[in-house]
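First comes the structure, then the notes that go with it.
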Amino acid sequence: MDFLENAVLPQSAHHMVLLKYLLALTFLIVLPYLSVLIGSTLLSVYYNSKSSRSGNTLHSKFAKQLVDLVTFKKSLPFGLGVVPMLSAMFCYAQLLHLAYTGVPQYIFVSLIFFLVGIVFIYTYKYSSHIKDILGKINNGDEETNYYKLKSATLLNKTGKYGILFLLFSVYLFIGSIELAVDSSRWTDSSSILSVIVSLSTLTYFLYFIAASVAVTAAVLLYYYFRPNSEWHESDDEYKNYVKKFALTRGLVATITLPIFIALNIFATPGIALNGIVFGAAVIILFIILLIANLFYMMLKEANTKFSASVIYLFIILFTFLVIKEQAAFSTATQNQFQMLSANYDAYRAKLNEELGIATVVISGEDIFNGRCSACHKFDAKLVGPPYNSVLDKYVGKKDDLVKFVLNPVKVNPEYPVMPNQGLKPNEAEAIADYILKVYEENKK
């Protein structure tokens, strides 16, 4: 995976900010999708296994509908899974360049496991349909029974293999995210065990599994029981079965979330903690409380009228989860970004030198003589006030002076407003440095 390091180009501070926004957007796409995918397939495999043992047709029917919920389009895993994971891999490759954390490489391995898991899950889906078709043949001949047995075996094996590959993929993906916010482990990241054997990874993963069950329950309620739903089920027993499952499992899973949130905060390295992380965690806990109350009210009243509200709240919850993780990442990697910014300046200077492009040095004195001296002097009034009488308030506040130079406003009624000189930010900073320096020398 050295090609990732070799393919990375040094980035400016501005570009690194854009990459962090892209990373946040990536997580807003991939985390909700993975949660529904894991929740639906995990529950589907569980209820299919339960159906095989008990012979309950409600279990098998429910297992098939659960997997159909997330595999209705073959392009879905590519658009909501593969592309965002590749995006995260390249964002981390840029943002953690020269840190040699292994994060992009581990995401790539996670992606491989994800693709294998998806192949198994789609095979599991089609096997369930084939099993249903064969189950309708009642002639009972030896060949038919042979294919029934083979389809049942394929169904059980592909389901179990699929969910195992997906669970490991998600665990490794979460471990990579957690490794990125813990710079103290970067030097130990040569082994994948440093990602797997991590308290922060484990707590985040348990939180994610509980959230996956809760989100899947919410999606079931919204998809099947909303007023304009296209689902028309004539079997009232099955409808009540699905409704009871979604309400009870959704409530139980939601109630467990605060425990895993608290454990994850406890396991987060101190270097990654700040006010935004704690603030986002508090908001997440408040949203979880609201969701749990809505699940409880629907269960108590045996209706699904708040199903849409629960979906919206989960979207907000994932948004603040991403904010929390990105705030932790930004805090933990401040030194890394400073190093990359300095590296970019050196790279740009070297590139200009190789191309024979001279580096333009902006002189504040030249700008003063060309733009400012016609209206200003340090010790005499011209069109504008003498600098010695107005610069004292900007000592130690150069940024305020730069803002004024870029966007002049009327301050003293005795003088006309200064015309905007059309300077660039670096030119305004150069003139501010120059006049403050001369002012300080004049005071001596």
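The values are calculated or read from the model by the stated rules, or taken from the named source; none is laboratory data. All values derive from a computational prediction rather than experimental measurement. Reconstructed Cβ throughout: ideal geometry from the backbone, glycine too, with neighbour counts over all protein chains shown.
Across the range 363-390, the qualifying residues are those that are of a type in the set (Val, Ile, Thr) and under 52 Å from the mean Cα position of the chain (by Cα), and the one among them that is surrounded by the most Cβ atoms within 10 Å (Cβ to Cβ) is Ile367. The condition (being under 26 Å from Gly270 (Cβ atoms), in contact with a Gly (Cβ under 9 Å, 6 or more places away or on another chain) and β-branched (Val, Ile, Thr)) is satisfied by just one residue among Ile174, Ile196: Ile196.
Consider the range 390-441 and keep the residues that are β-branched (Val, Ile, Thr) and outside any helix (DSSP H, G or I). The one that is nearest to Cys372 (Cα to Cα) is Val417. Name the residues in the range 303-317 that are surrounded by fewer than 20 Cβ atoms within 10 Å (Cβ to Cβ), over 14 Å from Thr254 (Cβ atoms) and either touching a residue at least 40 places away in the same chain (Cβ under 8 Å) or out of contact with any helix residue (DSSP H, G or I) (no Cβ under 9 Å at 6 or more places or on another chain) (or both), would you? Those that are surrounded by fewer than 20 Cβ atoms within 10 Å (Cβ to Cβ), over 14 Å from Thr254 (Cβ atoms) and either touching a residue at least 40 places away in the same chain (Cβ under 8 Å) or out of contact with any helix residue (DSSP H, G or I) (no Cβ under 9 Å at 6 or more places or on another chain) (or both): Ala308, Tyr312, Ile315.
Within the range 377-389, the set of residues being part of a loop (DSSP other than H, G, I, E, B) and in contact (Cβ under 8 Å) with a residue 24 or more places away in the chain comprises Phe378, Asp379, Val383, Gly384, Pro385.
Annotation: of all residues in the range 418-444 being closer than 14 Å to Val390 by Cα, of a type outside the set (Lys, Arg) and free of Cβ contacts under 8 Å to residues at least 60 places away in the same chain, the one that is surrounded by the fewest Cβ atoms within 10 Å (Cβ to Cβ) is Glu440.
Yes/no per residue for (1) touching a Ser or Thr at 6+ places or on another chain (Cβ under 9 Å); (2) closer than 30 Å to Ala332 by Cβ; (3) modelled with pLDDT of 90 or more:
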| residue | (1), (2), (3) |
| --- | --- |
| Arg226 | yes, no, no |
| Asp235 | no, no, no |
| Lys239 | no, no, no |
| Val252 | no, no, yes |
| Leu257 | no, yes, yes |
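Phe72 meets the conditions (1) in contact (Cβ under 8 Å) with a residue 60 or more places away in the chain; (2) not in a helix (DSSP H, G or I); (3) not charged (D, E, K, R) in every case but one. The failed one is (1). The one condition from (1) surrounded by 19 or more Cβ atoms within 10 Å (Cβ to Cβ); (2) more than 17 Å from the chain's Cα centre (by Cα); (3) hydrophobic (A, V, I, L, M, F, W, C) that Leu58 does not meet is (1).
As a summary of the residue check, Gly159 satisfies the conditions (1) at pLDDT 95 or above; (2) under 23 Å from Ser49 (Cα atoms); (3) small (Gly, Ala, Ser) except for the one numbered (1). For the range 303-320, what are the residues that are closer than 15 Å to Tyr224 by Cβ and either aliphatic (A, V, I, L, M) or not in a helix (DSSP H, G or I) (or both)? Hits for the range 303-320 are Asn303, Thr304, Lys305, Phe306, Ala308, Val310, Ile311.
Return yes when Ile288 is within 23 Å of Leu42 (Cβ to Cβ), in a helix (DSSP H, G or I) and in the same structural domain as Phe318 (by TED's automatic domain parsing) and no when it is not. In short, yes.
If you check Tyr224, Tyr171, which single one turns out to be free of Cβ contacts under 8 Å to residues at least 24 places away in the same chain and in the same structural domain as Gly270 (by TED's automatic domain parsing)?
Only one candidate qualifies: Tyr224.
Inside the range 232-256, residues that are farther than 18 Å from Ala211 by Cα, in contact with a helix residue (DSSP H, G or I) (Cβ under 8 Å, 6 or more places away or on another chain) and of a type outside the set (Lys, Arg) make up a count of 5. For the range 120-132: of the residues being over 25 Å from the mean Cα position of the chain (by Cα) and among the β-branched types (Val, Ile, Thr), which is modelled with the lowest pLDDT? My answer is Ile130.
The selection criterion, being assigned by TED's automatic domain parsing to the domain that holds Leu154, modelled with pLDDT of 90 or more and closer than 20 Å to Ile323 by Cβ, does not hold for Leu42. For Phe108, the stated conditions do not hold, so it cannot be described as of a type in the set (Phe, Trp, Tyr), touching a residue at least 40 places away in the same chain (Cβ under 8 Å) and within 24 Å of Ser51 (Cβ to Cβ).
For the range 288-343, residues that are aliphatic (A, V, I, L, M) and within 16 Å of Pro32 (Cβ to Cβ) total 12.
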